[in-house]
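Worksheet for the structure shown next.
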Amino acid sequence: MAIKHNKTLVAVNSSEQSRLTLHGSLATEYNKILVAVDGSEQSRFAAHEAIAIAKRNKAELTIVTSIDLSAISHEPLMVRGISNALTIEAKGMLKDFTKIEVKTPIDKRVLIGVAKHEIINHAKEEEIDLIVMGATGKGAVEKVFIGSTTDYVLTHAPCSVLAVRSL
């Protein structure tokens, strides 16, 4: 059984085999894992780490990405067209992540809304035990520091969070 409400930041250096674990929380058994991806290199490393953890724990794995339509024109036909195009692109990205052979169920979801809020909401609704995500996202400024989405999820998640960094 997974420990609930145990917030943990674990730095994973994907270029080596070393790991720095704070609070030793990876000894916990996870049943439901969510990995958030955005197409960045960091999220690819996060997906591979989530798949490895899911295999070890024989856990259910959900791979999510988010589409924020709030910045798009409010013309209904334009929103629908852009939304459909972004959804197709997002589903293609999720399909790429699931080409890796995994013997555990993988659920792929495209969430509509602001990523940080949708990740938290989905984790609560699905009673996720562990959220895995890249330490930073696609933004150039975010590459220097921990990403704003990751920072928000670390602060508000109902479960443990693993932030993965590629070097």
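Can you find a residue in the range 70-77 that is in contact with a helix residue (DSSP H, G or I) (Cβ under 9 Å, 6 or more places away or on another chain) and modelled with pLDDT under 90?
As a first pass, look at the range 70-77 and keep what is in contact with a helix residue (DSSP H, G or I) (Cβ under 9 Å, 6 or more places away or on another chain): 72-73.
Cutting the leftovers down to modelled with pLDDT under 90 gives us 72-73.
Yes, because at least one residue in the range 70-77 is in contact with a helix residue (DSSP H, G or I) (Cβ under 9 Å, 6 or more places away or on another chain) and modelled with pLDDT under 90.
Within the range 89-135, count every residue that is at pLDDT 75 or above and of a type outside the set (Asp, Glu).
Final tally of qualifying residues: 24.
Restricting to the range 38-62, and then to whatever is modelled with pLDDT of 90 or more and under 10 Å from the mean Cα position of the chain (by Cα), can you tell me which residue is nearest to His117 (Cα to Cα)?
Thr62
The values are calculated or read from the model by the stated rules, or taken from the named source; none is laboratory data. Everything numeric here is computed off the predicted structure, so don't read it as measured data. So basically every Cβ, Gly included, is an ideal-geometry build from the backbone, and we count neighbours across all protein chains shown.
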